[in-house]
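The values are calculated or read from the model by the stated rules, or taken from the named source; none is laboratory data. Worth saying up front: this structure is predicted, and the values here are computed from it rather than measured. All Cβ positions, glycine included, derive from the backbone under ideal geometry; neighbour counts span all protein chains shown.
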Amino acid sequence: MKPTLFVLAAGMGSRYGGLKQLDGLGPHGETIMDYSIYDAIHGGFGKVVFVIRKDFEEDFRKKILSKYENHIPVELVFQALDDLPTGFKCPEGRKKPWGTNHALLMGKTVIKEPFAVINADDYYGRESFAILAEYLSKLDGKKNDYCMVGYRVGNTLSESGSVARGVCGMNDEEYLTTVVERTAIERINGKVSFKDENNVLQTINDNTPVSMNMWGFTPDYFEHSEEYFKAFLKANINNPKAEYFIPLLVNDLINSGVARVKVLDTPSKWFGVTYAADRQDVVDKFKALHDSGFYPEKMF
């Protein structure tokens, strides 16, 4: 069975200033998602599920889904603030989404096979999809055996400002041991640098693996997600800024010995539109990829 691609497309890009998911950045108006779906199809994925907000469903179906329907099966699921476990109620006035792992939970009714999770507004590179699909295709019927694509941090930086990255630790067998969120990572005097929790400047090797939210799971992950979400809500439901992120649960499953996560190295260069100033650089990169023949003039 081919794995499924689960695309997180429900968030607003506050730093970017709009719906990055629907922005035409390619030479023929292609969105970043177009490249991800094209690369996923060629990499070995068999279905795509999108999680979005209900309020832009019509625009999404018209501009996005209509392109893919003759190329790969697609489904939509919806993330809503009030979609919480029995016994919990969304606090009045909360506007912030519950986070990436809450969005992931929305796929539990339609995904029954190994699946990958990506952001809608990140370009991951064709090699990464092929590497991930190959690994996931071997996990059918397994439980608690997950993976993530580990990008080399030097391949993920923005020229427009500092970035936040989940810096990964792994053991000798290349299984994940920790994911530590580091903010304000940037290249200083030629070296990848960040300030640690004591505000001390640290440097790391360009090839240090970081998480770009490109994960691979088996369907049992949804069961873990539901249980952990209840504990998360008990502790955080009245915190308007608290978010249920994927690395929160992954770290817990690793530290408790419940699951293991293989780190898959990729040579791909990540890029995206973290800042509005990134947009032209991304437009130029996509044009170059088309001009070189890496992508055809018409992908869909």
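Quick notes
- Enumeration of residues in segment 158-177 that are at pLDDT below 90 and of a type outside the set (D, E, K, R): Ser158, Ser160, Gly161, Ser162, Val163, Ala164, Gly166
- The set of residues in segment 31-60 that are surrounded by fewer than 15 Cβ atoms within 10 Å (Cβ to Cβ) and either under 25 Å from Val149 (Cα atoms) or in contact with a strand residue (DSSP E or B) (Cβ under 8 Å, 6 or more places away or on another chain) (or both) comprises His42, Lys54, Glu57.
- Hits in segment 114-138 - residues which are touching a strand residue (DSSP E or B) at 6+ places or on another chain (Cβ under 6 Å) and within 13 Å of Asp220 (Cα to Cα): Phe115
- Among residues of segment 244-283 being among the acidic types (Asp, Glu) and part of a helix (DSSP H, G or I), the one that is farthest from Ala164 (Cα to Cα) is Asp252.
- Hits in segment 241-271 (condition: of a type in the set (D, E, K, R) and under 30 Å from Val282 (Cβ atoms)): Lys241, Glu243, Lys262, Asp265, Lys269
- In a residue-by-residue description of segment 193-204, the property of being free of Cβ contacts under 8 Å to residues at least 24 places away in the same chain, among the charged types (D, E, K, R) and assigned to a strand (DSSP E or B) applies to at least one position.
- Among the residues making up segment 215-242, those that are among the aromatic types (Phe, Trp, Tyr) and under 20 Å from the mean Cα position of the chain (by Cα) are Trp215, Phe217, Tyr221, Phe222, Tyr228, Phe229.
- Phe286 vs. criteria assigned to a helix (DSSP H, G or I) and closer than 30 Å to Asn144 by Cβ: no
- Boolean, Ser211 is modelled with pLDDT under 90, among the hydroxyl-bearing types (Ser, Thr, Tyr) and either in a strand (DSSP E or B) or under 21 Å from Asp265 (Cα atoms) (or both): no
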